[in-house]
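Worksheet for the structure shown next.
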């Protein structure tokens with residue numbers, strides 16, 4: 001979790017800028033109804049010693065439709081169609097399916113593609129870092145698998161998403177080629193299990 005500055009004077013000087021990050025997040029949820037972007041995801045172990053990086057593309061349409069496609073180093077597709085969330089592991093040829101109301105909730109995907117921001121998350125501004133304005137969203141539900149999610153903006157453009165899970169593992173998604181209100185085609189949010197794939201309903 002971001003360490004708070006201890007010098008009270010710095011709080012007073014920087015607070016107005018920090019407050020903008022929460023306002024930007026709320027505007028993003030309200031005004032950006034769809035979008036697409038490329039991303040690089042870096043997952044860091046709790047001790048900071050191990051990292052692994054993957055690349056892919058992300059698309060969404062509110063409410064509750066999104067698609068993550070991981071291309072490197074391992075292919076994986078996650079699709080939310082508004083009713084169910086489908087996770088397809090290409091190497092295993094295995095599909096895991098969960099109802100939307102169980103899979104989404106107070107998750108990072110809900111921040112980007114959902115609609116009930118204040119209901120599911122407690123929001124607060126953070127200090128600027130790495131040239132971005134940051135807001136933190138903490139899930140209100142007590143059994144959430146995440147400690148916190150931090151959202152970074154460059155101006156009004158979504159730039160990064162940093163997730164800290166309950167084991168201290170940190171995942172940073174850095175977005176590029178962001179297209180707000182891009183209106184991806186509806187078929188991007190439909191998923192049909194490939195022939196021969198094992199389908200596991202949860």
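Total residues in the stretch 153-173 satisfying the condition of being buried (at least 18 other Cβ atoms within 10 Å of the Cβ) and free of Cβ contacts under 8 Å to residues at least 40 places away in the same chain: the figure is 3. Of all residues being closer than 30 Å to residue 46 by Cα and either assigned to a loop (DSSP other than H, G, I, E, B) or in contact with a helix residue (DSSP H, G or I) (Cβ under 6 Å, 6 or more places away or on another chain) (or both) in the stretch 168-202, which is modelled with the lowest pLDDT? Just the residue, please. Among those that are closer than 30 Å to residue 46 by Cα and either assigned to a loop (DSSP other than H, G, I, E, B) or in contact with a helix residue (DSSP H, G or I) (Cβ under 6 Å, 6 or more places away or on another chain) (or both), it is 202. Based on this model, can you work out whether residue 182 counts as more than 17 Å from the chain's Cα centre (by Cα) and over 15 Å from residue 29 (Cα atoms)? It is false that residue 182 is more than 17 Å from the chain's Cα centre (by Cα) and over 15 Å from residue 29 (Cα atoms). If you go through the stretch 31-63 one residue at a time, how many are modelled with pLDDT under 90 and either touching a helix residue (DSSP H, G or I) at 6+ places or on another chain (Cβ under 9 Å) or within 14 Å of residue 157 (Cβ to Cβ) (or both)? Number of matching residues: 2.
Selection within the stretch 73-88: residues that are surrounded by fewer than 17 Cβ atoms within 10 Å (Cβ to Cβ) and out of contact with any helix residue (DSSP H, G or I) (no Cβ under 7 Å at 6 or more places or on another chain). The member of this set that is modelled with the highest pLDDT is 76.
Residues of the stretch 40-68 that are buried (at least 20 other Cβ atoms within 10 Å of the Cβ) and not in a strand (DSSP E or B): 64 alone. Restrict the check to the stretch 99-118 and report whether at least one residue is surrounded by fewer than 21 Cβ atoms within 10 Å (Cβ to Cβ) and assigned to a strand (DSSP E or B). Yes, there is a match, as at least one residue in the stretch 99-118 is surrounded by fewer than 21 Cβ atoms within 10 Å (Cβ to Cβ) and assigned to a strand (DSSP E or B). Which of (1) closer than 19 Å to residue 185 by Cβ; (2) not in a strand (DSSP E or B) does residue 37 not meet, given it meets every other one? Here residue 37 meets the rest and fails (2).
Only one of the numbered conditions (1) in contact with a helix residue (DSSP H, G or I) (Cβ under 8 Å, 6 or more places away or on another chain); (2) in contact (Cβ under 8 Å) with a residue 60 or more places away in the chain; (3) over 20 Å from residue 26 (Cα atoms) is violated by residue 133, and that is (3). Candidates 147, 202: the one that is more than 20 Å from residue 60 (Cα to Cα) and under 16 Å from the mean Cα position of the chain (by Cα) is 147.
The values are calculated or read from the model by the stated rules, or taken from the named source; none is laboratory data. Keep in mind it's a predicted model, so treat the numbers as computed, not measured. Every residue, glycine as well, gets a Cβ built from its backbone with ideal geometry; the counts of neighbours run over all protein chains shown.
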